[in-house]
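The values are calculated or read from the model by the stated rules, or taken from the named source; none is laboratory data. Keep in mind the model is a prediction, meaning the values are calculated, not measured. Using ideal geometry, Cβ is built from the backbone for each residue, glycine included, and neighbour counts are taken over all protein chains shown.
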Amino acid sequence: MIEQPYVYRHTELVEPDWQRLPGWADVSPRDWASAQWQRAHCVKNIRQLRQVVGDGLDERFYADLERDQAERATMSMLVPPQMVNTMVPHLSPAHPGFTDAFYADPVRRYMIPVFTDRREDWPSHPLASRDSLHEAEMWAVEGLTHRYPTKVLAELLPTCPQYCGHCTRMDLVGNPTPVVDKHKFALAREDRLTAMLGYLRNNPGVRDVVVSGGDVANMPWPRLESFVAGLLEIENIRDIRLASKALMGLPQFWLTDEVRAGMERLAKVARERDVSIAIHTHVNTAQSVTPLVAAAAKAMLETGIRDVRNQGVLLRGTNDKTEQLLDLCFALLDDAKIMPYYFYMCDMIPGSEHWRLSLAEAQKLQHDIMGYLPGFATPRFICDVPYVGKRWVHQVARYDRELGISYWTKNYRTAVESGDELALQREYEYYDPIHLLPEAGQEYWRSRVATPVAVG
Ligand code: SF4
């Protein structure tokens, strides 16, 4: 047997025992399987977290969480029981090491961030911003981002069944926090959705619609179904992708009779019209892939849709190791039939420096996972470069490792550059976390911050 850096082993999926958590000790399998029960028992604040884990967490954790929520958090807290249950899945809160294990848990690290997780030197990159991908600037109609020549992103609603600490759409999605007020759609939902369909009818160059939010699992099913049915009536739309992290965070929703029957109706029409419908989910760790998640993904595939794909986000402390990423990809592929598709670098939103990886780290991870997975299931590692779009991490044009600045080019114009003759010649910048730079690079950024005019 040749020794390899990664050893593949098939591991049976297991639903962690939620009854190990004092607050859910009496919850029946029937309640656990209910989407309604899950939504009603989400953990939304510290008091509710206490109710669930009892005395299992030290006071220092709650104080740390409270300080983060007051001073740093860009997302409010919302964690469905299904996700809480995948944190420290093998330990009861009565175990003396529970607090340390909870601190170290990869799911906790991004779903329940605490103050001491974040960097004190650079909690945010000086060029971090709300709406760091400038999606709102590229709205063709409110909520419809037209950022690529042939595809659009339709943000149907600004809520999700779960809120991730690192959410790229922190500008719009979720409830306000003490440090971030949220953008509000100006138009009523019906007017926005009607305007989106109208735009797509009038723009035959668009063939691909990512139906997102937020998370489509928060849309009442009949309204979501009628919107997708509306897309299916538009001649030029060939690909429809429904974005839902809830396929993992709240698989119970995707397993309801209403949703399964509705997806079957949509899949049938899509097949008749030769259109592909897929679900895109967002799973970051292997321990999140449980039998319920696998059942939800398979139930969706059984409706006749084209695929279920995963777009994870690279996060330090969650999935920044080759082994973690390969374990995740194999769990998705082997047992849940979810196609590993993308791993995004975490976007440059405020408060994300402790999560972000450098471009060099992402390139190394891409290198190190090659050759283990089937080619069709080998995910691409992506840097979403502001004003450029998604680029594979090895497509960088130039890279100054001392200053942590990578330079990227683009090959199409968006509406914001329609009159910009140099758009396709220009280089666009992306930035590594400053704390990873050599001293000269860190000094460069300290001096830029000291001269505010240079920070832009
Ligand atoms: S599910 Fe997606 S949109 Fe919702 S909070 Fe998480 S990252 Fe943001």
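Might you check whether a residue that is in contact with a strand residue (DSSP E or B) (Cβ under 9 Å, 6 or more places away or on another chain), on the phi < 0 side of the Ramachandran plot and more than 16 Å from the ligand (Cβ to nearest atom) occurs anywhere in the range 162-183? No.
Put simply, of 105, 100, 121 the only residue that is touching a residue at least 40 places away in the same chain (Cβ under 8 Å) and within 19 Å of residue 64 (Cβ to Cβ) is 121.
Restricting 210, 206 to those that are within 16 Å of the ligand (Cβ to nearest atom), under 30 Å from residue 345 (Cβ atoms) and of a type in the set (A, V, I, L, M, F, W, C) reduces the list to 210.
Here's the yes/no breakdown for (1) acidic (Asp, Glu); (2) within 16 Å of the ligand (Cβ to nearest atom); (3) at pLDDT 95 or above:
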| site | (1), (2), (3) |
| --- | --- |
| 51 | no, no, yes |
| 92 | no, no, yes |
| 105 | yes, no, yes |
| 110 | no, yes, yes |
| 113 | no, yes, yes |
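Residues in the range 82-136 that are touching a strand residue (DSSP E or B) at 6+ places or on another chain (Cβ under 7 Å) and of a type in the set (Asp, Glu): 135 alone. Out of the residues in the range 132-144 meeting the condition of being surrounded by fewer than 22 Cβ atoms within 10 Å (Cβ to Cβ) and either within 11 Å of the ligand (Cβ to nearest atom) or under 19 Å from the mean Cα position of the chain (by Cα) (or both), tell me which one is nearest to residue 239 (Cα to Cα). So, considering only residues that are surrounded by fewer than 22 Cβ atoms within 10 Å (Cβ to Cβ) and either within 11 Å of the ligand (Cβ to nearest atom) or under 19 Å from the mean Cα position of the chain (by Cα) (or both), the one nearest to residue 239 (Cα to Cα) is 135.
Could you say whether any residue in the range 219-235 is within 16 Å of the ligand (Cβ to nearest atom), aliphatic (A, V, I, L, M) and under 30 Å from residue 69 (Cβ atoms)? Yes, the range 219-235 contains a residue that is within 16 Å of the ligand (Cβ to nearest atom), aliphatic (A, V, I, L, M) and under 30 Å from residue 69 (Cβ atoms). Residues that are surrounded by fewer than 18 Cβ atoms within 10 Å (Cβ to Cβ) and not small (Gly, Ala, Ser) within the range 304-315 comprise 306, 307, listed in sequence order.
Collect the residues in the range 1-32 that are of a type in the set (Asp, Glu) and more than 19 Å from residue 293 (Cβ to Cβ), keeping them in residue-number order. Result: 3, 26.
Out of the residues in the range 27-47 that are touching a strand residue (DSSP E or B) at 6+ places or on another chain (Cβ under 9 Å) and in a loop (DSSP other than H, G, I, E, B), state the one that is surrounded by the fewest Cβ atoms within 10 Å (Cβ to Cβ). Checking each candidate, the answer is 44. In the range 158-180, the residues that are closer than 14 Å to residue 112 by Cβ reach residues that are among the charged types (D, E, K, R) and within 7 Å of the ligand (Cβ to nearest atom) with C-beta atoms within less than 9 angstrom, at least six apart or across chains, in these pairs: 162/215; 162/245; 164/245. Counting only helices (runs of 4 or more DSSP H) that sit completely within the range 48-131, those holding 2 or more residues that are more than 21 Å from the chain's Cα centre (by Cα) correspond to 59-71, 98-104. Residues that are exposed (fewer than 15 other Cβ atoms within 10 Å of the Cβ), at pLDDT 95 or above, of a type in the set (S, T, N, Q) and over 19 Å from residue 291 (Cα atoms): does the range 65-86 have at least one? Taking every residue of the range 65-86 in turn, none turns out to be exposed (fewer than 15 other Cβ atoms within 10 Å of the Cβ), at pLDDT 95 or above, of a type in the set (S, T, N, Q) and over 19 Å from residue 291 (Cα atoms).
Scan the range 254-285 for residues that are touching a residue at least 40 places away in the same chain (Cβ under 8 Å), away from the ligand (no atom under 13 Å from the Cβ) and of a type outside the set (Gly, Ala, Ser) and the total you get is 13.
Residues that are polar (S, T, N, Q) and at pLDDT 95 or above were ranked within the range 130-159; the one that is nearest to residue 68 (Cα to Cα) is 159.
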